[in-house]
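These notes concern the structure reproduced below.
The values are calculated or read from the model by the stated rules, or taken from the named source; none is laboratory data. Keep in mind that this is a model prediction, so the values were computed, not measured. Note: ideal-geometry Cβ built from the backbone for every residue, glycine included; neighbour counts use all protein chains shown.
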Amino acid sequence: MSIAIASTAGLARLSNSRRATTGLFLFALSTSSAIASVHSARTADLHTRHRGSLYAQPTCPLQRDTSPAYVGLRSFHSTSHSRSSTPQFTYHVAASYSAKQDRFNAEANLYTNPPHDPTKSTIANLRACKDTIDKHRRAKSGQDAFFFSQVGTTNATAFGVADGVGGWVESGLDPGDFSHGLCEYMTCAARSWPQGSNTTSLHPKDLLQVAYDEVTEDDSIEGGGSTACLAVAEPDGNVEVANLGDSGFMHLGGNAVRHFTQPQTHAFNTPYQLSKTPQRMLVQMAVFGGPTTLSDQPKESSVTHHKVRHGDVLVFATDGVWDNLSPQDALGIISRQMVELGAWVERDGAIEVGRDLAALVHSGSAQKAGKASLQAKVAVAIAKEAKETGLNTRRDGPFAKEVQRYYPGENWHGGKPDDIAAVVAIVLEETPQ
């Protein structure tokens, strides 16, 4: 999780043990008592000396995603789904998650429900759609959240993660309600598209804007903040990604990392973030003065474009994953799963896509690809490794290395316990009928 508002200290987000994140669907894990107690004591000490804040710093360097668009800018039309001689792709998605305070349960912390069928229901408006989602049945993923959905009646798919900013807890708010609400509205907006839209294309940045607008107007969500990383994936293999903050996206193919997002941060441990300030806090600020809350806009998201191929793997995850696993770590975990299950095979020193990929991604019941599916096993493997690494006091992860770089006096070693959410999409080229 990240700090709810930018702190005047560099360890602002660190002070909150990173954002508590809620999502549309999340996993929750608990730590073992022995390791958890060590991290709790260490984190509590840092929190005492470096309190997280919800307020913007007067000056700070902006670190934007400097990665170039993978295939450059292009026209991205979600209505162009006619079958042709060009390859057609489907995206097979699963999510695994874990709340910081819970034990990891591979079977319970898994979401593989099929995309919404738009032919079976109508959506009056986004608020009505969101209200049909029972808050009590949300994934037990803490302040992290995730979603995936079919885009209207098209063959495009939208998916992503949101990470609630933990600093809002100090203001008596649940950051998870904001991040889960954001993902729920993105799900509803994707399902209902192009209803209410005056454009012929759906971009992830626009999807995020619609959801953010709905959250700010929803009185049931008092306030909070969140980062977000999401995509709209087309059946022609074009994938557009929007990232705001320090959740991130990874594109793998042929046992290689093709793209990894760079986090957007205002300062160390202080990511770009969407936020909603409660009216009571606005009144207090007006009466007593003080700094304003940090609130970035969806339009500030870093946007990249990617062309996928048969057998590629797309990973969207919150910082609970990326603070503990480097791109190389994630590549090793995913490659191991893909090779062991036969999705990738080695021939003549090169990695190729296995012939059984279609059967692997469809593995499960007649209604949905279940826990035996390839995407489910890969998602669980990522979440499990991130969880175990976060509790390991001897293995320095990316977050520990960053603390050592910027704050060597803190003597931080080991992983970083946090909420975790990982969404995995396996790309399958459809065989012409």
> Pairs, please: C-beta under 9 Å, at least 6 apart or cross-chain, first residue within 12 Å of Val232 (Cα to Cα) and in segment 192-212, second aromatic (Phe, Trp, Tyr) and surrounded by 16 or more Cβ atoms within 10 Å (Cβ to Cβ)?
Replying inline: Ser201/Phe76; Leu202/Phe76; Leu202/Trp193; His203/Phe76; Leu207/Trp193
> Within the group Asp296, Asp356, which residue is surrounded by 19 or more Cβ atoms within 10 Å (Cβ to Cβ) and not basic (Lys, Arg)?
Replying inline: Asp296
>> Could you tell me how many of the residues in segment 415-433 are assigned to a loop (DSSP other than H, G, I, E, B) and either surrounded by 24 or more Cβ atoms within 10 Å (Cβ to Cβ) or small (Gly, Ala, Ser) (or both)?
In response: 5
> Applying the selection to segment 166-192, what residues are surrounded by 24 or more Cβ atoms within 10 Å (Cβ to Cβ), closer than 20 Å to Gln101 by Cβ and of a type in the set (A, V, I, L, M)?
Replying inline: Leu173
> Among the residues of segment 113-127, which ones are part of a helix (DSSP H, G or I) and either modelled with pLDDT under 85 or within 11 Å of Ser192 (Cα to Cα) (or both)?
Replying inline: Pro118, Thr119, Lys120, Leu126
>> Being of a type in the set (Lys, Arg) and touching a residue at least 60 places away in the same chain (Cβ under 8 Å) is true for just one of Lys384, Lys377. Which residue is that?
In response: Lys384
>> Exactly one condition in (1) in a helix (DSSP H, G or I); (2) over 15 Å from Val427 (Cα atoms) is false for Val378; which is it?
In response: (2)
> (1) touching a Ser or Thr at 6+ places or on another chain (Cβ under 7 Å); (2) closer than 23 Å to Asp319 by Cβ: which one isn't true of Leu202, the others all being true?
Replying inline: (2)
> Within segment 268-301, restricting attention to residues that are at pLDDT 90 or above and either among the basic types (Lys, Arg) or part of a helix (DSSP H, G or I) (or both), which residue is nearest to Leu230 (Cα to Cα)?
Replying inline: Pro298
